[in-house]
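Undergrad: Here it is, the structure, as structure tokens.
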Amino acid sequence: MASHESPELVELFTTYTASPVSIGRHLAEATAERTDNDPLIVATGADLALYPGGGQDPQVEGFRLSTRGFKELAGISHLGPALASLVQIRALRGDDSWQADGRRLLAQVEVARAANSVELWRDTIAVEAYRGREQAIADMIDHTCRRTEDYLRTALADQSYLNVHTLREDYLAGTGGSQPAVPMNHMMIATFFLAGMDIAFRVLRWFGGNDIDWNRAMVIIAGRQGRPTAGVTWNTSSVAAMILGASGHKLPLERLYMAPHVRVFATPVNGDLSEVKALEPTFRTIWNGIHATQELGPAMFDGYPRYVPGGTEAPDLATGLTEVSDMPKIHSAEDMLAMVTRLRVVLEDPRQLLSGCVTDFAVAQLVARDNDPTRITVPGLDGVDYAGGR
């Protein structure tokens, strides 16, 4: 039977909503009239835009894929999951079909190790936030590539070696060989932290150069952040962590909206901000429309319990937890239990951003030390002797 709609009742529906001339739209517009001069911050998956308000031109800061060193470090970070994937392919198929990928990975690791040097990191990639750590980074990459080559050569010579036990003990933990080695878990934490530290350093400096009234700021984290299911809540968005940190946690959570379905602007090319400017009315309408609906709550239901944001408190492994629903609290740069647990969580929890497992910790360290990367500890790198293999 064909569905039927009553024109009269549908018209009643659109009188309130789903129409450019609806009551709901007019409420959003009335709300927006109060906020025309308020700062609006829009974060996409790659850029931050600040709309100062009052008709002033926006400013844009890129923070992710276009940044120096990000992809190079990500390639090293991914060696652990790459080997784990080969282990899983062999277990699932029960044959040697994994070997073609194994040989290809081995060849590329050899090429990457040959290209790696302190000069590459200091003079060519030249990330400001990494100054003074270039030798340590080059040593870490060299050690990681050598360990990966050794593991792959052993597995290609005897594929029974390719299993979860040798992956965990010999490679990730570094305890299964004849001599203890630097855990590759440390490397993964260090590379994720370095990427997050660089992004946070630049974002905090950018926000610090703008006089933002955080109590009036309007924030939208828009579009896709990482994998399709990730970064859509306060607790799972590293971008939210950076913005909250930049505000000194003065930004009220109820003024920060996650909007994964909103159309976003492309990264500006050659300073062309025309698309960014054109979308400002849309972004302001979206923010104000949501806020207007929130304000109906006390107007309609005063006297009933009100909604309060749950906050961003992380579970604490120090209490003996063996299962977590969010990334656990990190107590210090030596708290590898929490940080390696986070590596597991970002793989198993589809809400998490894979590259964001320690970004909030990097932000907190930078905020506490006046955004000076030389004064913070990079877990898994500082104090670790990769050159000596321990």
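Quick note: the coordinates plus some simple rules give every number you see, no bench work behind them. Worth saying up front: this structure is predicted, and the values here are computed from it rather than measured. Cβ coordinates were reconstructed from backbone atoms using ideal geometry, including for glycine residues, and neighbour counts include every protein chain displayed.
Undergrad: I need to check one value: relative contact order of the chain, counting alpha carbon pairs closer than 8 Å and at least 6 residues apart, in percent.
TA: 22
Undergrad: Okay, next question. Hey, got the dipole for the chain? About the Cα centre, +1 on K and R Cβ, -1 on D and E Cβ, debye to the nearest 20?
TA: It works out to roughly 520 debye.
Undergrad: Whole angstrom only: what separates the Cα centroid of segment 147-178 from the Cα centroid of segment 82-124?
TA: 13
Undergrad: Segment 46-200: D in µm²/s via Stokes-Einstein (Kirkwood Rh, Cα pairs, 20 °C, 1.002 mPa s)?
TA: 124
Undergrad: So what does log10 I(q)/I(0) come out to for segment 78-141 at q = 0.13, 0.15, 0.18, 0.27 Å⁻¹, using the Debye formula with one equal point on every Cα and no solvent?
TA: Log10 of I(q)/I(0), two decimals: -0.50, -0.60, -0.72, -1.07.
Undergrad: At a Cα cut-off below 12 Å, give the aspartates and glutamates reachable from LYS329, other chains included and same-chain residues fewer than 8 away excluded.
TA: GLU313, ASP316, ASP360
Undergrad: What percent do you get for the relative contact order of segment 207-364 when only Cα pairs under 8 Å and 6+ apart count?
TA: 30
Undergrad: So what does the Cα-only Debye profile of segment 294-390 read at q = 0.17 Å⁻¹, as log10 I(q)/I(0), no solvent term?
TA: -0.88
Undergrad: Next question. With viscosity set to 0.692 mPa s and temperature to 37 °C, compute the Stokes-Einstein D of segment 331-372, Rh being the Kirkwood radius across alpha carbon pairs; µm²/s, no decimals.
TA: 295
Undergrad: May I pose another question? Report, by chain and number, residues whose modeled amide H sits under 5 Å from the one on LEU48, excluding near sequence neighbours (fewer than 5 apart, same chain).
TA: Placed amide hydrogens put GLU61, GLY62, PHE63 under 5 Å from LEU48.
Undergrad: What is the P(r) of the chain, as percent of Cα-Cα pairs per 10 Å bin from 0?
TA: All Cα pairs, binned at 10 Å, distribute as 4, 20, 27, 22, 14, 9, 4, 0, 0 percent.
Undergrad: Next question. How large is the translational diffusion coefficient of segment 1-63 in µm² per second when you combine the Kirkwood radius over alpha carbon pairs with Stokes-Einstein at 10 °C and 1.306 mPa s?
TA: Roughly 107 µm²/s, to the nearest whole number.
Undergrad: Hey, got the dipole for segment 232-337? About the Cα centre, +1 on K and R Cβ, -1 on D and E Cβ, debye to the nearest 20?
TA: 400
Undergrad: Okay, next question. Nothing charged except the Cβ atoms of Lys and Arg (+1) and of Asp and Glu (-1): what's the magnitude of the dipole of segment 1-47 about its Cα centre? Round to the nearest 20 debye.
TA: In debye, rounded to 20, segment 1-47 gives about 60.
Undergrad: Treat each spin label as a single point 7 Å out from the Cα along the C-beta direction, and report the ALA18 to ALA364 distance in nm.
TA: The modelled label-to-label distance comes out at 4.5 nm.
Undergrad: Listed highest first by mean packing, meaning other Cβ atoms within 10 Å per residue, what order do 296-308, 316-328 come in?
TA: Ranking, from highest mean packing down: 316-328, 296-308.
Undergrad: Which ordering of LEU105, LEU253 is given by a fewest-first count of other beta-carbon atoms within 10 Å?
TA: Ranked by crowding around the Cβ, least crowded first: LEU253, LEU105.
Undergrad: Related question: Return the calculated 222 nm mean residue ellipticity for the chain, to the nearest 500 deg cm²/dmol, obtained by summing -39500 (n - 2.57) across DSSP H runs with n ≥ 4 and dividing by the residue count.
TA: Helix contribution divided over all residues of the chain: -14000 deg cm²/dmol.
Undergrad: Moving to a separate point now. Putting +1 on Lys and Arg Cβ atoms and -1 on Asp and Glu Cβ atoms, find which of LEU296, GLY53, PHE201 reaches farthest to the positive end of the dipole of the chain.
TA: Looking along the dipole axis, the top candidate is PHE201.
Undergrad: From the alpha carbon gyration tensor of segment 212-365, can you work out the equivalent ellipsoid semi-axes (sqrt of 5 times each eigenvalue) and give them in Å, largest to smallest?
TA: After scaling each eigenvalue by five and taking roots: 30, 22, 14 Å.
Undergrad: Using only alpha carbon pairs under 8 Å that are at least six residues apart, calculate the relative contact order of segment 106-170 and give it in whole percent.
TA: Averaging sequence separation for qualifying contacts and normalising by length gives 38 percent for segment 106-170.
Undergrad: What whole-number volume per residue, in cubic angstrom, does the convex hull of the C-alpha atoms of segment 170-232 give?
TA: 128
Undergrad: Please work out the FRET efficiency for the pair THR374 and LEU9, using the Cβ-Cβ distance as r and a Förster radius of 56 Å; give the result to the nearest 0.05.
TA: 0.25
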